[in-house]
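Notes to accompany the following structure.
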Amino acid sequence: MYSWMSPDSLLVAVVVAASAAAARFFALPLLKRTTRIGNGISLRLPPNPPGLPILGNLRILGALPHRALRKLAEAYGPVMGIRLGLVQAVVVSSFVSAQKFLREPAFMSRPAGDVSNYLTYGRKGVLSSECGSNWRESRNLCLDHMLSTRSIDALRGVRNEEIHRLLYSLKKAADGDCKAVDLSEAVTATILAIVCRTLFGKVYGNASAIEKTLKEATQLTGVFNINDYIPFIGFLDLNGHRRRMKAVRRAYDSLFETVIHKHCRSLNEGTKLEDCVVASILSSTGTQYDRVNLKAILMDMITGGSDTSATTVEWTMSELLRHPRVMRKLQHELEEAVGMDRVVEEEDLPKLPYLEMARVDCVAGGFQLKKGSQVLVNLWAVGRDPSQWDDPEAFYPERFEGSDFLAFGAGNRRCPGMQMGLTTVRIVVAQLVHCFDWALPGDLDMSERFGIRLSRAKNLLAVPTYRLPPGS
Ligand code: HEM
């Protein structure tokens, strides 16, 4: 059993269903891992569709690679090879194989490339780090100062303030002559503010500029970048990704330098700044702590921590709006557990019905992989694996009662921010559903845009009606 899976609620099922599997989308569609050794699981090489010289199978990916790869897997099987330019990759599309690959120690590293060079300070920090002492120390630092249960509890006040700001603005819109609010934008801004305040103590500079940088970073992190797959033409930067990544890094870097400088100065002078992750790390490691690693960690926390949660809330709300049965069930549960005289508090979350999800043991057919192969776990396809779930396309949160899911990865590189992500997503969804009835202003377009996480192609617009008594 995962350690975070304490008594939980239908909300978790809904969130998991929307973000993880039964619903249509994953926050992160394709997980990239790489192997440093041939794993020798068996003697067979996985079947590989024919490709072009040099380009290999790159052309088949198109605008929505997760869909193209699943289609291909229908013909070639749940573990298939593909060649991306000069890089041999293995695509994993079934639930049991994904569990096997993600937990296999041989696949604990992440591939090198433009993202690791330009968006993670050269494989420092956690996200793109090779598996080794730097990765382990950075991951522990994140867990100690931000992602442990104690830190998450300590940061409750920040979440509360920002979420109440969101509720206030939505209520104001509902009280006025509001046609529809842009829920995507409102939720993204709220979650980014929570993450920035958690990391830095306050939102430095222009919040919408940070949001723009974040969007650009998450888009660039997910793309299939030709520079990575045909490295000898990388210097030409044909698609301009390297240039855009350098711009993102410059924008982040100047923000991080300002924040770190302020906190170092205040620590050296013994003055007090806001409690936050930067202050906490610098107080415990000393102000001489490797600045590049600290900036890489901050980058990981912003990229890994904000858009993933915001996207999950967006899809969850989209599915709830399309499925009034689940919306009503959720509202009813909140009415029973919280009542209608006050808004939900984080303390209420464990009071919601118990839900336990057990780990499913797996046995996967193995293949021999070449050293350095990239492993692409198609989480989007895994979540719709018909051999795992009946009617996998349907939004049916109850299916997760007592079952496992892989929305946060698995094995030693599984998401360290799972508890924080779930806490944020659950409290935001709970508040939105408890405080408001929602209606759609027109048809709901459910198409997606590919990136490190699948975002909605079009922002979610919805009309709120306040449902708690005035003054609560
Ligand atoms: C709903 C929200 C979230 C989702 C769906 C999500 C999902 C994921 C997934 C699928 C992975 C890859 C795991 C693997 O390779 O097995 C991952 C890694 C990671 N996530 Fe999250 N995540 C979320 C929230 C967060 C938060 C709040 C943080 C931190 C503030 C965070 C930080 C990270 C980091 C640092 C890694 C890299 C771990 C490593 O390579 O060792 N995530 N996340």
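The residue that is farthest from the ligand (Cβ to nearest atom), counting only those in segment 388-439 that are among the small types (Gly, Ala, Ser) and more than 13 Å from the chain's Cα centre (by Cα), is Ala439. Is it the case, given these coordinates, that Ile54 is surrounded by fewer than 19 Cβ atoms within 10 Å (Cβ to Cβ), more than 16 Å from the ligand (Cβ to nearest atom), part of a loop (DSSP other than H, G, I, E, B) and modelled with pLDDT of 90 or more? Taking the combined requirement at face value, the residue satisfies it. In segment 440-457, the residue that is farthest from Phe395 (Cα to Cα) out of those that are among the charged types (D, E, K, R) and loosely packed, with under 14 Cβ neighbours inside 10 Å is Asp443. Taking every residue in segment 295-306 that is in contact (Cβ under 8 Å) with a residue 60 or more places away in the chain and pairing it with any residue that is among the charged types (D, E, K, R), at least 6 positions away or on another chain, the pairs with Cβ-Cβ distances below 6 Å are Ala296/Lys124.
A count restricted to segment 239-280 and to residues that are over 23 Å from Thr213 (Cα atoms), among the polar types (S, T, N, Q) and in a helix (DSSP H, G or I) stands at 3. The requirement of being farther than 20 Å from Gly421 by Cβ and either assigned to a helix (DSSP H, G or I) or acidic (Asp, Glu) (or both) is satisfied by Lys171. For the residues Ala106, Ala98, the requirement of being within 20 Å of the chain's Cα centre (by Cα), outside any loop (DSSP other than H, G, I, E, B) and farther than 18 Å from Phe224 by Cα singles out Ala98. Within segment 316-337, none of the residues are within 16 Å of the ligand (Cβ to nearest atom), open to solvent by less than 20 Å² (accessible area, probe 1.4 Å) and closer than 18 Å to Ile152 by Cβ. Among the candidates Ser97, Ser93, Ser19, the residue that is modelled with pLDDT under 90 and not hydrophobic (A, V, I, L, M, F, W, C) is uniquely Ser19. Tell me whether segment 287-294 contains one or more residues that are within 16 Å of the ligand (Cβ to nearest atom), basic (Lys, Arg) and assigned to a helix (DSSP H, G or I). No, segment 287-294 has no match at all.
The values are calculated or read from the model by the stated rules, or taken from the named source; none is laboratory data. Treat the numbers as computed from the prediction; the structure is a model and nothing was measured. Counting neighbours? That spans all protein chains shown, and the Cβs are built from the backbone with ideal geometry, glycine included. Calculation scope for accessible area: heavy atoms of the full protein, side chains included, ligands and nucleic acids excluded. Shrake-Rupley method; radii C 1.70, N 1.55, O 1.52, S 1.80 Å.
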